[in-house]
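Reading through the structure tokens given below for one structure.
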Amino acid sequence: MKSDSSLSTIVKALEEVGAFVEEVRDSEVYFRVTRENVRAAARALYSLGAYLKTCAGVDERELSGLFAVYYIFGLDDHGVDAVLRVLVPQDDPWTVSVVPDVPAADWCELEVRDLLGIDFRGRLTKRLVLPEDWPEGVYPLRKEFKYDEKPPRVLREELSEEVGIPVGPYHPALHEPEYFELYVEGERVVDVAYRGFHVHRGIEKLAESQRFTYKQVPFLAERICGICGFVHSSCYVMAVEKAAGIVVPERAEFIRSIVLEVERLHSHLLWLGVAAHLLGYDAGFMHAWRIREQVMVLAEYLTGSRKTYGINLIGGVRKDINTEKIDKVLKTITDLRKEFTELVKAMLAVPQIKSRASGTGVLTKAEARALSVVGPVARASGLYRDVRKDYPYLAYKRVSFKVPLYTEGDNLARLLVRVDEVFESIEIIKQLIDMLPGGSVVVEEYDIPSGRRAVAAIEAPRGEDVHFIITGVGRPYRWRVRAPTYQNIPALRAMLRGTPLADAPLTIASIDPCFSCTDRVTVLDVRSGRKSFIRLKQGV
Amino acid sequence: MSVAKILEIALRTGRVTRRYPYEPPLLTPEFRGAVKIDPSKCWGCGACVKVCPPNALTLKPAGKEATLEYFVGRCVFCGMCAEVCPAKAIEVTKEFELSATSLEDLKSRVIHRLARCSICGAPIWTEAELRTVVKSSPIAEEYYLVCPKCRKERFAKAAMLRLGAGSE
Ligand code: SF4
Ligand code: SF4
């Protein structure tokens, strides 16, 4: 994958804007750049085709006396990560924002600002992840802040003025809390405001506290997401293994890959069901979930649990696969293939499905590129991006499969990408089972030196999941997680603007926002100023 | 036409949901549920406490006793504790119907008497652990009845004597 000639072009382009190579590890190149030059460096990388994966703020005062901001770029064509490291003095904590050139950095910069207290110049800033009653000047990711500290709440005046009783977006009994404000003119959406992070749990902080050890974090990571938890625990262990140079037995890599694909199957089937439900086609919903059930049972048989499988360890996996399990896998995917083919045919034959999904919620290729969107959302807008191909990990280098690509960028394209991917996953599992090597499934003896860095990425059902780690003593010094939906939600604005209100539920759902999130929206008519809450499920 | 297709699938499949709880739930042989600690086997070594990711297991000394507590409300059913237990005292069951009407019902305990240091009297190991260790290496009893602090002091004194410092 690597072609050294063009890598040297990148190094040269960055050196021209004052950056220098700090470290080269495996497939990662770390550059140091001053805060004045970071924007130019980011622009240079972006114009060379890099995608922004995420950025991360790190309190490195114990190591170097400074704060650091890492911008992690992925050069998909080379399978290489280019990381910009900007050092920020603690008595004058600001840096220049890259957002004007790299819009995808919007949220992660705001997060660094909230959690570490570093200001970003040259962009609009506002609070993003901290709750409104969190006091000013208290930064939870600074090392002196204890993980279980509870600063006094500050009630802000704006809070008490709010009338209206939103019995909805924050209600714990509903799906995940996320909140969209749609501004409409008549029936047309003119703008969208998103407010999320109501359930920011401080998991990154928790993992670097005394409370956790390297070995316990996989179980914590698995709980980041209820649907693709195995992606997160795999990504964490891969990052640690990469940083520490631990070589995982091949058989363990295969088992992880098989389980990852099983997870993709259940996730896509779940999504397809919910999409059918949102379109008012409940028969399709129920049959999709009926078919999905056998995947859940398979997952339990392979791992011990329907979800939160709990089989990842640093150095390998806890559960081996025997011949009975192999037979069960093969039988399940054969049945699944048959039933899924039949269901998709029946579903797509319903004229309303096609007519409501095609041409709605369009995301153009240019917008998709600017926002560095990932996964099926990117592939439906004509971006050929798939971590399994671009940065081959685990056993994916050994299998052949197609990356479905559509150019329409609409809801139908996103649906079809996922349908195709179900078939590809079935093929991948078949090949992996076929080639499953022997040997042990875990290395017990290893040692994790502190101060090492690594970036790991996995293609989750929703797109690229990124974990960045700096190793510490006994536990991570810093662990940064970027889930795929984080990258895709900002694209909703582009998809929704100017479209009829009636298409909004499906469009929001079409990015598969860790699905749960979409129960309620506020609709604000900009002409009358009238506000009303609607349930997305009522099909508007 | 499209309705007919899905109808055909539906008729062929029939009902797939189970009449749980009147019918047994669908569990595979690999399913992991709540764990059970056998008090007659447990030494109170604390290995399970150290490995448990959500702190569902705790080991707290109080006076002459140390209590190993399992709070199933925090358990994530990973089974790591059973894997590390040197006494094989922990069993991963298939139990998952765990709701209770009081918090107490979600907790189970193993209480251990603590052995005391033969020099300073501070609590050191649980008696059960001491018995186990002594059984495997009988010469160690005298050694294990001294707490690490006193052991260090005793060693320092002996070393000083050997170096001649004691003659002053
Ligand atoms: S003997 Fe087993 S159950 Fe008892 S404390 Fe040690 S690890 Fe836990
Ligand atoms: S099963 Fe896991 S979570 Fe439950 S007590 Fe054992 S180690 Fe803790």
Confirm whether A:Ala380 is closer than 25 Å to A:Thr54 by Cα, among the small types (Gly, Ala, Ser), without any contact (Cβ under 8 Å) to a residue 40 or more places away in the chain and out of contact with any strand residue (DSSP E or B) (no Cβ under 6 Å at 6 or more places or on another chain).
yes
Can you find a residue that is farther than 30 Å from A:Ala244 by Cα and more than 13 Å from chain B (Cβ to nearest Cβ) anywhere in the stretch A:298-308?
no
Residue pairs within 9 Å by beta carbon, gap of at least six or interchain, first lying in the stretch A:89-104 and outside the structural domain of A:Ala44 (by TED's automatic domain parsing) and without any contact (Cβ under 8 Å) to a residue 24 or more places away in the chain, second surrounded by fewer than 18 Cβ atoms within 10 Å (Cβ to Cβ) and assigned to a strand (DSSP E or B), listed first then second, are none
Can you spot a residue in the stretch B:118-125 that is within 14 Å of ligand 1 (Cβ to nearest atom) and modelled with pLDDT under 80?
yes
How many residues are touching a Ser or Thr at 6+ places or on another chain (Cβ under 7 Å) and more than 20 Å from A:Glu241 (Cα to Cα) if we restrict to the stretch A:378-416?
7
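Let's see how each residue does on (1) away from chain B (no Cβ under 12 Å); (2) part of a loop (DSSP other than H, G, I, E, B); (3) β-branched (Val, Ile, Thr); (4) crowded, with 18+ Cβ neighbours inside 10 Å:
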{"residue": "A:His200", "(1), (2), (3), (4)": "yes, yes, no, no"}
{"residue": "A:Arg211", "(1), (2), (3), (4)": "no, yes, no, no"}
{"residue": "A:Gly226", "(1), (2), (3), (4)": "yes, yes, no, no"}
{"residue": "A:Ser234", "(1), (2), (3), (4)": "yes, no, no, yes"}
{"residue": "A:Leu260", "(1), (2), (3), (4)": "yes, no, no, yes"}
{"residue": "A:Glu263", "(1), (2), (3), (4)": "yes, no, no, yes"}
{"residue": "A:Gly284", "(1), (2), (3), (4)": "no, no, no, yes"}
Identity of the residue in the stretch B:52-84, near ligand 1 (Cβ under 8 Å from one of its atoms) and free of Cβ contacts under 8 Å to residues at least 40 places away in the same chain, that ends up farthest from B:Leu106 (Cα to Cα)
B:Val84
Out of the stretch A:232-246, which residues are more than 16 Å from ligand 2 (Cβ to nearest atom) and under 21 Å from A:Lys205 (Cβ atoms)?
A:His232, A:Cys235, A:Tyr236, A:Val237, A:Ala239, A:Val240, A:Ala243
I want to confirm something. Restricting to the stretch A:177-234 and keeping residues that are in contact with a strand residue (DSSP E or B) (Cβ under 9 Å, 6 or more places away or on another chain) and of a type in the set (Phe, Trp, Tyr), which single residue is nearest to A:Leu116 (Cα to Cα)?
A:Phe212
Can you tell me how many residues within the stretch A:402-458 are assigned to a helix (DSSP H, G or I) and in contact (Cβ under 8 Å) with a residue 12 or more places away in the chain?
24
Per the list (1) closer than 20 Å to A:Ile511 by Cα; (2) away from chain B (no Cβ under 14 Å); (3) in contact with a strand residue (DSSP E or B) (Cβ under 7 Å, 6 or more places away or on another chain), residue check on A:Val248 breaks on (1)
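The values are calculated or read from the model by the stated rules, or taken from the named source; none is laboratory data. This one's a predicted model, so the numbers in the text were calculated from it and none came from an experiment. So basically every Cβ, Gly included, is an ideal-geometry build from the backbone, and we count neighbours across all protein chains shown.
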